[in-house]
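Following: one structure in structure tokens, then a few remarks.
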Amino acid sequence: MKFLETINHIREVKDLRQRILVTFLFVLIYRFGSFVVLPGIDPLLITGEDTALTGQTREGLMALLDMFSGGAFSHASIFALGIMPYISASIVVQLLTIAVPYFQKMQKDGESGRKKMTQITRYLTVIILIVQGFSYLVNLSFQMRGIVPDSFGFRVNSVILLCAGSMFVMWLGERITDKGVGQGISIIILVGIIARFPDALLAEFVACMGESGGLIKMILEIIALFAVSCAAILLVQGVRKVPVQYAKRMVQGQEVTGARQYIPLKVNAANVMPIIFAQAIMFIPLVFSSWDASNAGSSFSAMWRDNNSLVYNIIFATLIILFTYFYVAIIINPTQMAEDMKRNNGFIPEVKAGAPTAEYIDTIMSRITLPGAFFLAAIAVLPAVARFFGITNQFAQFFGGTSLLIVVGVVLDTLQQVESHLLSRHYDGLLDSGRIRSRSGVDIY
């Protein structure tokens, strides 16, 4: 079989085999740390189906945070804050490189600039960790009153441990990138999401078996999950290739036409960032309403708390579409692309160089971003649709949204790296065609 032959080829490639083992080892360390509870807290009292913290992390934003941390958030683990503060800091620094000239200069300074930006990202991560650490402990003391110490000394010590735990997770991610297979930070998030899948599947199975025709319903749900995953793969891999022809040049006294290449413009260039931004915006009214106790039970507050309501999901989908255009406009600069093309004597056939080329690329991006934005919004609200049909909240989270797109994207990236290692040593790849498309839209041969 093709798959068994590929596994055998992986075993024969020593470097690839070692990288996979190193990745597996670091993942085991991360999963072990997810169950190490903060000192001073009885793990037997804080974990369980009936605890207030567990109930708080079953739905909404808290459920998403708990999923990304692989359950460490609801276990009051030293890894409770996970890798998300680092990702938040990276997003802030990335936006600063667009708006602030100082960061733009660092981005153009090559390796030295990249090191400075990485250092700034880590400092910002520590600041975010301190703020989120204290907030997490305040919430923990409120939810688990009488179980979690409420002293200032406990909070200071716990914040230090939470910061150290998240920085250690970040270090593990960097080591996976250097010594293992795949992008380390993405692998950490992937593991956290997948770790929740068995419990979610079991909970859905138990719920289905308690109903008439439960087995048929479970089979249909699995088929629907497979179909949604295939749709997510199409969204991640969707690309429009723009042909670029390079001008003629003289080689040994003869005029030679440059080879035609392609610029891959992704249908979903923003990836999951619009969903993350939209979720952050949707969480703001909930925070302000929670500060006002008199408004806590109002219809306005209830609307923002109920992520299954029609109004909530319409606003959520609209924000995703708007943020998709906003983020694509930030990360893709048609003018810069046209200038680089002109500098290298390249041009798009039947399009004049310079401003017309920039307008042509901008028009194409606008056209392919529109269906991509609607498709992304549709996938983001699918968990609410799944819950409407009676699927449990834990299992519904895997039907779309950030989690599904991250899983699909990271798996494709990791498979692409394994494919590259095999093909570089003249082995057949993971697919019969001998190639696998990366998230950048480029075919790897």
(Q) Quick check on region 342-357: of everything there that is closer than 13 Å to Ile263 by Cα and either of a type in the set (Phe, Trp, Tyr) or free of Cβ contacts under 8 Å to residues at least 60 places away in the same chain (or both), which residue is surrounded by the fewest Cβ atoms within 10 Å (Cβ to Cβ)? (A) Phe347
**Q.** Residues satisfying the stated conditions in region 306-325, i.e. open to solvent by 40 Å² or more (accessible area, probe 1.4 Å) and within 18 Å of the chain's Cα centre (by Cα)
**A.** Phe323
Q: Just give me the residues in region 79-113 being within 22 Å of the chain's Cα centre (by Cα), at pLDDT 80 or above and open to solvent by 30 Å² or more (accessible area, probe 1.4 Å), in sequence order.
A: Met84, Tyr86, Ile87, Ser88, Ser90, Val92, Leu96
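Go through region 168-183 and give me each residue that's within 17 Å of Thr125 (Cα to Cα), of a type outside the set (A, V, I, L, M, F, W, C) and open to solvent by less than 10 Å² (accessible area, probe 1.4 Å). Full working, then the answer.
At the first step, the residues of region 168-183 found to be within 17 Å of Thr125 (Cα to Cα) are 168-174.
So of that shortlist, the ones also of a type outside the set (A, V, I, L, M, F, W, C) come out as 173-174.
Hit for region 168-183 is Gly173, nothing else.
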Q: Evaluate the following for Val138: is it open to solvent by 70 Å² or more (accessible area, probe 1.4 Å), among the aliphatic types (A, V, I, L, M), within 20 Å of Gly82 (Cβ to Cβ) and over 26 Å from the mean Cα position of the chain (by Cα)?
A: yes
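Quickly run through region 196-222 and pick out the residues that are open to solvent by less than 30 Å² (accessible area, probe 1.4 Å) and either aliphatic (A, V, I, L, M) or farther than 28 Å from Leu65 by Cα (or both). It would help to see each step written out before you state the result.
Kept after step one, since they are open to solvent by less than 30 Å² (accessible area, probe 1.4 Å), are these residues of region 196-222: 200, 204, 208, 214, 218, 221.
Ala200, Gly214, Met218, listed by residue number.
Being touching a Leu at 6+ places or on another chain (Cβ under 8 Å), modelled with pLDDT of 85 or more, buried (at least 17 other Cβ atoms within 10 Å of the Cβ) and of a type outside the set (D, E, K, R) narrows it down to one residue among Ile406, Ile368; which is it?
Numbers: Ile406 fails: modelled with pLDDT of 85 or more.
The unique qualifying residue is Ile368.
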Q. Can you tell me which residues in region 1-59 are among the hydroxyl-bearing types (Ser, Thr, Tyr), touching a Phe, Trp or Tyr at 6+ places or on another chain (Cβ under 8 Å) and either at pLDDT 90 or above or at positive phi (or both)?
A. Tyr30
Q: For residues that are over 21 Å from Ser69 (Cα atoms), without any contact (Cβ under 8 Å) to a residue 40 or more places away in the chain and not in a loop (DSSP other than H, G, I, E, B), tally how many sit in region 143-157.
A: 4
Q: Could you figure out which of (1) of a type outside the set (Phe, Trp, Tyr); (2) farther than 29 Å from Leu28 by Cβ; (3) in contact with a Ser or Thr (Cβ under 9 Å, 6 or more places away or on another chain); (4) open to solvent by less than 70 Å² (accessible area, probe 1.4 Å) isn't true of Asp150?
A: (4)
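Within region 168-206, can you find the residues that are assigned to a helix (DSSP H, G or I), out of contact with any Leu (no Cβ under 8 Å at 6 or more places or on another chain) and not hydrophobic (A, V, I, L, M, F, W, C)? First the steps, then the outcome.
So the first thing to find is which residues in region 168-206 are assigned to a helix (DSSP H, G or I), and the list is 168-179, 184-195, 197-206.
From the residues that got through so far, the ones that are out of contact with any Leu (no Cβ under 8 Å at 6 or more places or on another chain) too are 168-179, 185-187, 189-195, 197-206.
Hits for region 168-206 are Gly173, Glu174, Arg175, Thr177, Asp178, Lys179, Ser186, Gly192, Pro198, Asp199, Glu204.
The values are calculated or read from the model by the stated rules, or taken from the named source; none is laboratory data. Predicted, not measured: the structure shown is a model, and the values here were computed from it. Please note: Cβ atoms are built from the backbone with ideal geometry, for glycine as well, and neighbour counts cover all protein chains shown. Protein only, heavy atoms only, side chains kept; ligands, DNA and RNA dropped before computing areas. Shrake-Rupley method; radii C 1.70, N 1.55, O 1.52, S 1.80 Å.
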